[in-house]
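This report concerns only the one structure given below.
The values are calculated or read from the model by the stated rules, or taken from the named source; none is laboratory data. Quantities reported herein were computed from a predicted structural model and do not represent experimental measurements. So basically every Cβ, Gly included, is an ideal-geometry build from the backbone, and we count neighbours across all protein chains shown. Just so you know, the surface numbers come from the protein's heavy atoms only, side chains and all, with ligands and any DNA or RNA stripped out. Shrake-Rupley method; radii C 1.70, N 1.55, O 1.52, S 1.80 Å.
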Amino acid sequence: MKRLQISDHIILLAGVFFMVTPVVLAFLTSTHDAVTIYRTGLQYSIGDQGLSAYGTVLTRAGGFTKEVNGMVMLKNSLILGFGFAIGKIVISMLAAYAIVYFRFPMASFCFWVIFCTLLLPLEVRILPSYEIVQKLGMVNTYSGLIVPLIASATGTFFFRQFFLSVPDELLEAARIDGAGPWKFFIDILVPISKTMIAAIFIIMFVYGWNQYLWPTLITTDESFFTLVRGIKQILQVWVGAQIPDYDQAMALAILAMLPPVVIVVVFQSWFIKGLVESDK
Amino acid sequence: MATITLDTVRKVYAGNVEAVKGVSIDIADGEFIVLVGPSGCGKSTLLRMVAGLEEITTGDIRIGERVVNNIDPADRDIAMVFQNYALYPHMSVYNNLAYGLKNRGMNKAEIDRRVKEAAGILEIGEYLDRKPRALSGGQRQRVAMGRAIVREPAAFLFDEPLSNLDAKLRVQMRVEIKRLQRALGTTSVYVTHDQLEAMTLADRLVVLNGGNIEQIGAPIEVYDNPASTFVASFIGSPAMNLLEVKANGGGLELVSGTGLSGANVKGRDGYTVGIRPEHMEVVDGAAAGEGITLEVTVNVLEPVGAESFIYASFEEGGPEIVVRVSSHAVHPAGEKLTLKVAPEHVHYFDAETGRRID
Amino acid sequence: MWRACPGNRKARHVVRGEAMKKVQFNTPAVPYLLLFPQLAIVAVFFLWPAAEAVRSSFYLEDPFGFGSTFVGFDNFVDTVTSTNYGRVARFTGVFTFLVTILSLGAALLLAVKADKVLRGASSYKTLLMWVYAVAPPVAGLIGILLFDQHVGPIVKFVALLGWHLQIGVDYYDTAFAMIVASVWKQIPVNFIFFLSGLQSISKSVQEAASIDCRSGFRRFWTVTFPLLAPTGFFLLIINITYAMFDTFGIIDVVLKTEPGNNPVTLVYKVYLDGFRGNDLGGSSAQSVLLMIVVFILTIIQFRLIERRVHYT
């Protein structure tokens, strides 16, 4: 038994090594200056430069781009993450509430229309989506960035499933207590969905924050760049540079992953519950 | 306080499933009515129609003088206690009780008075600040009752409120519900599948089967004079022994041919005879007198403490009957017994329809 | 009993499309009001673009913007018969297969071990799952650093073994880097699902198995694995979808946005032809072909999820 346990730990530690090392290396490297990195390769210790690359990335416009610094990108990432998560939760809770708790003629038609959005990821309809957003004049706007991403119905299905698992008697008791549709939603359903809302918020925030392709297309004005979108900019500077700013690139990578990683780790149990129960 | 009248109420679900087939009941003011029957008999549907949670296909329901068919549950002046309690999990006990009153726009002082009063009656005063999940099953049950009481409604509706409790608590709450209902004098309709609960609580029982009423009556009346083999086997535990018999000359015999010493008093070719376990007496030899005498062999003796039950059969592989005997009787398996049943304790039912023959 | 895998109830409802509540509100206008925002967004940003993709796949766009001509299935025929498309499709297939198998296998191994160990289980769990939150392009960026020609430790390490790894130059080396980064990014999701699947297998079943079967390895294959299979099938589809679509960020970064002669996936080609090549019809035809693939995958997914019901 004991020997088995040791081999289990070795396998797990190997897995942890594979998952953690790349990011640790990225962080350590970001604390050295670009020339040192270029000469001696990736670094395995904390360097003299400390966290100054982060300061540079956050405050100095023109590190990679000409108009925008890391703070602005951080702000845009937060807007995208929060905007997407909140928008999606509000819209999908309302829709799921209608589908589960109301009897109306078009119910199953509406349900299938929303359902079919699960069939096609944004990536396969990217070109026409871009053209439509362009036609609507929403390029380089926050709404153009956020709203089309909400079109997929994952959140609606999540809440629909949750609402279906709420005991019927709760609505019955509330009706006997004189609660109408709006009162029931606000007084009962939203409060009892709190943990579910938190779980889906984490997943959606991470999803929104990590968007890459869509922001790449929709934001050409640098003042709308997100941190993840900024990576594309690094690459364009990188190609053709003599000594790429490895340190700043890694600092940006760490900055871009830090907020979602912190949220996922801190709210781990909610996040896992949300992920496993929402299926997507 | 009000009377409740059900007038040929029917419920037909999509797909033409008829759950309730034209039921009429008149419930007096302050009466405690128990709807009892196996699952799927329509008892819950009937209760939910009274509550306004199910639509009525045809027929009328009146609470007091008012036809409530199309009236919203909140406006029917009823309160309901659910099997899973349906407490609002995010609200304190106090707010659980107060929610319905707030929605009616009652003033705060009156709400407070009523909540405190109900909490006092139910002895949940010290839990008013807690959330339901911090309460035990019995306490939740009390809160659910409290939510009904504060409304001071015309009627209480109970949907199997005790089935989520353990056996001991169930007995305790059963007594309490009865006491409370007597004290408040509120008309109550109570649904259960547990015949013991039904017997102990009801002023009148309504035995339902397949969407029809089998029998309505006071518990002891239903027990003593079951209207059908269904009621006979459903009410009472262990159930009444039912034996199919046929006429043999002037006497009776089992369908298998084993003779019974007893006269064919009903003058028919065949019928079903019902005998409760407690109405058979172990006697020495073939005692004379009226009634039926049974010759059986003991299979198993089952002592339960206050009494014992003998499981015995007439012949190998034949029908088995249950006999109640005193707890200290000793009857080893294989022993041959003679059982005597007094004529007033023999019930007769039509073999085809199962209805009682008087 | 236990839940073999979460979410099966949803699938059942989804497939039948039923609302299951015994009691519902009957207020006529309210549900439409509640549904309006969702339906409006779906109509404008989903249905319209999807229809547009299908429409333009049958048209040839004039390169100078002077309208378009209906060409029937020409775009599809051109797409399918072009040698480049075949090459990309083959690469996508191999890439998807490898990413799926490797990330599922590694995650299953780690989940089984993490479920078994008593000490440090929650630390392992945290350390193995947090990469979920890393954006694919960030994974790609760290990847190209590790595989960098000048500074990358992996390049230096494999050089010792005589392999001169050159990403961006050598087709297979680039593919290798893409696969490693994609697997790295996908292990956490699989790990989380496998672990929760394992933890939902009832203790008494495992105890019964340990009485019936002495060999731990055999026990895994005959009891645990079959009970985990529904989760596995479900993850298989999720992983295929991931490898085909969500790896876009990784691929774009590994290629440093300059594909040249390097391997790309079908989705990347849709993007290249549409935005760089200005071949609207061809790109749309490829989109429609991909839509069909996704459609089939989704149908299989719901079929499989329906079957999982047996295990609850």
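Structure notes:
- Qualifying positions in the stretch B:291-345 - in contact with a His (Cβ under 8 Å, 6 or more places away or on another chain) and of a type in the set (V, I, T): B:V298, B:I310, B:V325, B:V341
- Strands (runs of 3 or more DSSP E) completely within the stretch B:152-237 that count 1 or more residues being under 10 Å from the mean Cα position of the chain (by Cα): B:187-192, B:204-209
- Flag if B:R130 is under 26 Å from B:P73 (Cα atoms) and away from every other protein chain (no Cβ under 14 Å): no
- Here C:A209 meets each of (1) open to solvent by 30 Å² or more (accessible area, probe 1.4 Å); (2) free of Cβ contacts under 8 Å to residues at least 40 places away in the same chain; (3) under 30 Å from A:E277 (Cα atoms) with one exception, condition (1).
- Of all residue pairs spaced 6 or more apart or on separate chains, those with beta-carbon atoms under 6 Å, a first member in the stretch A:254-279 that is assigned to a loop (DSSP other than H, G, I, E, B) and open to solvent by less than 50 Å² (accessible area, probe 1.4 Å) and a second member that is small (G, A, S) and at pLDDT below 90 are A:D279/C:G7.
- Condition met for C:L228 (open to solvent by less than 10 Å² (accessible area, probe 1.4 Å) and modelled with pLDDT of 85 or more): yes
- Any hit, the stretch A:44-55, residues being at negative phi, open to solvent by less than 20 Å² (accessible area, probe 1.4 Å) and within 10 Å of another protein chain (Cβ to nearest Cβ): no
- Condition check for C:G260 on (1) within 13 Å of chain A (Cβ to nearest Cβ); (2) at pLDDT 85 or above; (3) in a loop (DSSP other than H, G, I, E, B): one failure, at (2).
- Of the residues making up the stretch B:217-236, just one is of a type in the set (V, I, T) and in contact with a Pro (Cβ under 8 Å, 6 or more places away or on another chain), namely B:I235.
- Qualifying residue in the stretch C:184-202 (condition: β-branched (V, I, T) and open to solvent by 40 Å² or more (accessible area, probe 1.4 Å)): no
- The one condition in (1) assigned to a helix (DSSP H, G or I); (2) within 28 Å of C:A135 (Cβ to Cβ) that A:H32 fails to fulfil: (1)
- Among residues of the stretch C:231-247, those that are surrounded by 22 or more Cβ atoms within 10 Å (Cβ to Cβ) and over 19 Å from C:L290 (Cβ atoms), counted: 3
- When we screen C:R119, C:R55 for residues that are of a type outside the set (A, V, I, L, M, F, W, C) and under 30 Å from A:M19 (Cβ atoms), the only hit is C:R119.
- None of C:S287, C:S210, C:S283 is more than 24 Å from the chain's Cα centre (by Cα) and either hydroxyl-bearing (S, T, Y) or facing chain A (nearest Cβ under 10 Å) (or both) except C:S210.
One line per residue, one yes/no per condition, for (1) of a type in the set (S, T, N, Q); (2) open to solvent by less than 30 Å² (accessible area, probe 1.4 Å); (3) outside any helix (DSSP H, G or I); (4) out of contact with any helix residue (DSSP H, G or I) (no Cβ under 7 Å at 6 or more places or on another chain):
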| site | (1), (2), (3), (4) |
| --- | --- |
| C:G105 | no, no, no, yes |
| C:L109 | no, no, no, no |
| C:A114 | no, yes, no, no |
| C:K125 | no, no, no, no |
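Conditions tested, residue by residue: (1) assigned to a helix (DSSP H, G or I); (2) among the charged types (D, E, K, R); (3) open to solvent by less than 20 Å² (accessible area, probe 1.4 Å); (4) closer than 30 Å to A:S193 by Cα.
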residue: A:G81; (1), (2), (3), (4): yes, no, yes, yes
residue: A:I86; (1), (2), (3), (4): yes, no, no, yes
residue: A:W112; (1), (2), (3), (4): yes, no, no, yes
residue: A:E123; (1), (2), (3), (4): yes, yes, no, no
residue: A:S129; (1), (2), (3), (4): yes, no, yes, no
residue: A:I132; (1), (2), (3), (4): yes, no, yes, no
residue: A:G144; (1), (2), (3), (4): yes, no, yes, yes
residue: A:F157; (1), (2), (3), (4): yes, no, yes, yes
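- Taken over the stretch A:192-215, the criterion of being at the interface with chain C (Cβ under 8 Å from one of its Cβ atoms) and more than 12 Å from the chain's Cα centre (by Cα) is satisfied by A:L213 alone.
- Among the residues making up the stretch B:219-266, those that are within 22 Å of B:V20 (Cα to Cα) and out of contact with any Leu (no Cβ under 7 Å at 6 or more places or on another chain) are B:P226, B:A227, B:S228, B:F230, B:V231, B:F234, B:I235.
- Residue match in the stretch A:230-247 (condition: over 20 Å from C:I144 (Cβ atoms), open to solvent by less than 10 Å² (accessible area, probe 1.4 Å) and assigned to a helix (DSSP H, G or I)): no
- Residue selected from the stretch B:90-108 under the condition facing chain A (nearest Cβ under 7 Å) and open to solvent by less than 20 Å² (accessible area, probe 1.4 Å), by the criterion modelled with the lowest pLDDT: B:G100
- If you go through the stretch B:51-89 and keep only what is open to solvent by 30 Å² or more (accessible area, probe 1.4 Å) and either in contact (Cβ under 8 Å) with a residue 60 or more places away in the chain or under 26 Å from A:I188 (Cβ atoms) (or both), you end up with B:E55, B:N70, B:I71, B:D72, B:D75, B:D77, B:Q83, B:N84, B:P89.
- Filter pass, A:V190 being within 16 Å of A:L122 (Cβ to Cβ) and open to solvent by 20 Å² or more (accessible area, probe 1.4 Å): no
- Whichever residue in the stretch C:145-174 is part of a helix (DSSP H, G or I), in contact with a Gly (Cβ under 8 Å, 6 or more places away or on another chain) and within 11 Å of chain A (Cβ to nearest Cβ) and, among such residues, is surrounded by the fewest Cβ atoms within 10 Å (Cβ to Cβ): C:K156
- Across the stretch B:142-151, a minimum of one residue is classified as in contact with a Phe, Trp or Tyr (Cβ under 6 Å, 6 or more places away or on another chain) and either part of a helix (DSSP H, G or I) or buried (at least 20 other Cβ atoms within 10 Å of the Cβ) (or both).
- Of the residues making up the stretch B:13-60, those that are farther than 29 Å from B:I177 by Cα and more than 12 Å from every other protein chain (Cβ to nearest Cβ) are B:G15, B:N16, B:V17, B:E18, B:K21, B:G22, B:T57, B:T58, B:G59.
- Being open to solvent by less than 40 Å² (accessible area, probe 1.4 Å) and in contact with a helix residue (DSSP H, G or I) (Cβ under 8 Å, 6 or more places away or on another chain) is true of C:L266.
Conditions tested, residue by residue: (1) farther than 26 Å from B:G251 by Cβ; (2) among the hydroxyl-bearing types (S, T, Y).
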| position | (1), (2) |
| --- | --- |
| B:L301 | yes, no |
| B:F309 | yes, no |
| B:S313 | no, yes |
| B:G317 | no, no |
| B:V322 | no, no |
| B:S327 | yes, yes |
